Amino acid sequence: MSAAIVGAIVEMDDAGFIIGSYVLTFATVGLFAWRTLRRGRRLAEQVPDEEKYWL
């Protein structure tokens, strides 16, 4: 095998790790954002309308 083929094989081995890391990162950030928004909406329901200064 030539060095170029071996280099391409090594890069493809790393690609799975890199793509997996990106997927895991975006999924974690998305889950955190979803839970934060859901929690905020639940807490906002408990506040009386006259105290909702953000409306």
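The values are calculated or read from the model by the stated rules, or taken from the named source; none is laboratory data. The shown structure was predicted, so the numbers you read here are calculated from the model rather than taken from an experiment. FYI the Cβ positions are ideal-geometry reconstructions off the backbone, even for glycines, and counts take in every protein chain you see. Calculation scope for accessible area: heavy atoms of the full protein, side chains included, ligands and nucleic acids excluded. Shrake-Rupley method; radii C 1.70, N 1.55, O 1.52, S 1.80 Å.
Taking residues in region 26-37 that are without any contact (Cβ under 8 Å) to a residue 40 or more places away in the chain, and partners anywhere that are hydroxyl-bearing (S, T, Y), not one pair has Cβ atoms closer than 8 Å while being at least 6 places apart or on different chains. For region 1-32, a residue qualifies if it is modelled with pLDDT under 95 and open to solvent by 100 Å² or more (accessible area, probe 1.4 Å), and the qualifying residues are M1, E11, M12, D13, F17, I19.
Taking region 20-44, which residues are among the hydrophobic types (A, V, I, L, M, F, W, C) and within 12 Å of the chain's Cα centre (by Cα)? The answer is V23, L24, F26, A27, V29, L31, F32, A33, W34. So, R35, is that one in a helix (DSSP H, G or I), loosely packed, with under 10 Cβ neighbours inside 10 Å and modelled with pLDDT of 75 or more or not? For R35, the condition - in a helix (DSSP H, G or I), loosely packed, with under 10 Cβ neighbours inside 10 Å and modelled with pLDDT of 75 or more - is not met.
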